[in-house]
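Read the structure below first, then the notes.
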Amino acid sequence: RATMKSLRFISAEAFVSNAEFARKILGSVAHNLFPLLFKASYLLEQGEVIHDLVKNWPFVDFNVGKLLGTTVDYQEDLSHRTCSVCLESCLTGLRDYVLNHPSPYMKRLKVVDLTGIKDVEVQFCECKKTMGRWARTQLLSKLCLELLVYLQQRQCNPGTFEISIDVLIDLFVTERNYELVVQALLKKCYCPLKICCVAFRSDNLALQKFFYIIKLADPSLLRKLEVVHNVRLEMEHLEMLFSSIHFPLLMSLTLPARTFNVRRFTATDEQMLMNIGEKMGEMTQLTELSMSFSILTGRIQKLLSPLKTPLKMLDVSNCSLNHADIAYLANSFHANHLEVLDLSGHNIPDLYPSIFFKLLSHSSSVLKSLTLEDCNIQDTHVNMLILGLSPCQKLQEFRFLGNPLSSQALKQLFTFFCELPVLKNVEFPVPRDCYPVGITYPIDDTHLCRFDHQKYESIAKELNLILLQANREDVKASTPLFGSYDAAVQETNNELGAYLIKSFKETLEKFTTSLNKMV
């Protein structure tokens, strides 16, 4: 559906479409038109015009998310277009803003905010070449260092060194860009462009390097911390992190798999867990917590009860929670505030159906996203599930991949989905009747794709027809076999794969060495 454009926006598009002309007379353009021209240039991927607009930016702040978001002249939100041409032009324009010849005292820019850029799976830009979070981290770090070298080598106006622009960014650091980012952060005080890390994600990084760079990134500014793949952060390291570094503004925390494992807990470990809970309690802004694939049986209360602020997002997928854990969640003050909940990997219908539905009932007035993958939800549980979901009138996303449901049960669920007024996204499992008879759940990766694809396509069409007939074409229904899209993993999958192969090789070598010693 085409978005309406104002006459002003259409005129702006016409102006920037002739890049050579636009660049030539940009100095005569009224300052209040710069935001309009920026969005028009971004839509048309006019990189040279974007560069010159940023290079001559006349305002105190440059907020990419706001500039590309919904505006009066053009309501379409372009902040999810991570177009490489446009973003590179923004960043090089920023570098050249510092080097631009007019008197530095005329320059007003103080804050650049790059945090509003959203990385999504489907890109609509013409070039189809994206610049993800990792690449933005890489380029900004590189430009900051280049700028320093240039300023040292050339005779610049002394006032240039007085320029100080805070660049707010979500950093993404892996082994491959670690050294570059470290150098940029170390030299931050000398550079006119000051990298201000608002969110930090780390994958494929040695623990020692993670501890070093997180201190450099200024934790006092950090609002989001994600330690995800191949960072061996275990419970004792987490306690050390929280004891040595203060995170006063932290709102969102994601921990890697196997951070906790209560099956091998000692009395010391119990105390350590309590300490971590207390430290998280001091983080008064913390409202989002993800700790999937840890073993937390019977310890959720110990970890979460010290929190003084209710959680809005909780991911405890595959954490081996027991009845006491779910009971604590259902009766805690968090329940009434949970907007996003992931309980995947728990046998909900068999272990704690009633207490789970109590939890769902308490969060129903605010719940926007629910994920129940691999929860052993079968045809006999569908009526109960519908009953539990009925009060969740604000639900926008429901993911339930990996459950042994027949096509008939899915049709029943889809008929119900039509009644959820703001539902937008559904991820449903391959129907059980598409797999060979006798398939066991959860299905392992080797058998995941071995189903009747033709039959699946036919059933998927029927399910979409149910939505269509109820005028709910706004609901997107899909079956991402290997889980939801992760922009960060997609961008660094080659490095991630190489790391996994290396880890596997090292494990094999250690095993072989141990065997040789035994012989």
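Observations on the structure shown:
- Apolar share of the accessible surface for the chain: 54 percent from carbon plus sulfur atoms, 1.4 Å probe.
- Segment 7-131, relative contact order [Cα under 8 Å, separation at least 6], %: 30 percent
- Shape category assigned to segment 211-327 from the gyration tensor of Cα positions, a/c cut at 1.5: prolate
- Ordering of 347-353, 43-49 by packing [mean C-beta count within 10 Å, highest first]: 43-49, 347-353
- Solvent-accessible area per residue for the chain (1.4 angstrom probe, square angstrom): 48 Å²
- Dipole axis of the chain (+1 Lys, Arg; -1 Asp, Glu on Cβ), positive-most option in T115, N494, V231: T115
- HN-Hα J in Hz across segment 6-16 - Karplus 6.51, -1.76, 1.60, θ = phi - 60°, x for Gly and Pro: 6, 4, 4, 5, 4, 5, 5, 4, 4, 5, 7
- Kirkwood Rh, angstrom, segment 305-383 [1 / mean 1/r, Cα pairs]: 12.7 Å
- Working from Cα pairs under 8 Å separated by at least six residues, relative contact order for segment 182-270 is 28 percent.
- Converting phi to 3J(HN,Hα) with the Karplus coefficients 6.51, -1.76 and 1.60 and the offset θ = phi - 60°, segment 252-263 yields 9, 10, 10, 10, x, 4, 6, 5, 10, 8, 6, 5 Hz in sequence order, with x at every glycine or proline.
- Hypothetical label at K424: residues of segment 332-370 whose amide nitrogen lies under 16 Å (7 Å Cα-Cβ projection): 339-341, 367-370
- Charging the Cβ of each Asp and Glu at -1 and of each Lys and Arg at +1, and nothing else, the dipole of segment 260-357 about its Cα centre rounds to 180 debye.
- In order through segment 37-52: 3J(HN,Hα) via Karplus (6.51 cos²θ - 1.76 cosθ + 1.60), integer Hz, x for Gly, Pro: 5, 5, 5, 5, 5, 5, 4, 8, 6, 8, x, 5, 5, 4, 4, 6
- Expressed as a whole percent, the proportion of Cα-Cα pairs in segment 332-443 lying more than 16 Å apart is 57%.
- Gain on full stretching of the segment that runs from E126 to Q408 - 0.36 nm per residue minus C-alpha separation: 97.4 nm
- Rounded to the nearest 500, the 222 nm mean residue ellipticity of the chain from helices alone is -13000 deg cm²/dmol, with -39,500 (n - 2.57) taken per DSSP H run of at least 4 residues.
- For segment 304-455, the dipole from Cβ point charges (+1 on Lys and Arg, -1 on Asp and Glu) about the Cα centre works out to 440 debye, to the nearest 20.
- More than 20 angstrom apart: percent of Cα pairs within segment 7-131: 39 percent
- Each peptide among 171-183, 58-70 gets the average number of other Cβ atoms lying within 10 Å of its residues, and from highest to lowest they stand as 171-183, 58-70.
- For K110, distant residues with modelled amide H under 5 Å away: D61
- Accessible area (Å², 1.4 Å probe, nearest 10) - V149: 70 Å²
- Kirkwood radius and radius of gyration were both taken over the C-alpha atoms of the chain, and their ratio Rg/Rh is 1.00.
- Amide hydrogen proximity for R201: with H placed 1.01 Å from N in the peptide plane, the residues at 5 or more positions away or on another chain lying under 5 Å are L171, F172, V173, E226.
- Assigned charges on the beta-carbon of Lys, Arg, Asp, Glu; the chain dipole about Cα centre (debye): 980 debye
- Solvent accessible area, Å² - F293, 1.4 Å probe, full protein context: 110 Å²
- Signed unit charges on C-beta, dipole axis of the chain, positive-most listed residue P310, F400, T446: P310
- Accessible surface of R450 - all protein chains present, 1.4 Å probe, nearest 10 Å²: 150 Å²
- Close amide-amide hydrogen proximity is noted between I195 and V167, each under 5 Å apart and 5 or more residues distant or on a separate chain (H modeled in the peptide plane; Pro and chain starts excluded).
- Of the peptides 83-94, 109-120, the ranking by mean beta-carbon count within 10 Å, highest at the top, reads 83-94, 109-120.
The values are calculated or read from the model by the stated rules, or taken from the named source; none is laboratory data. Remember, it's a predicted structure, so these values are computed and weren't measured experimentally. Cβ: placed from backbone, ideal geometry, glycine included. Neighbour counts: every protein chain shown. Note: accessible area is taken over every heavy atom of the protein model, side chains too, but ligands, DNA and RNA are not part of it. Shrake-Rupley method; radii C 1.70, N 1.55, O 1.52, S 1.80 Å.
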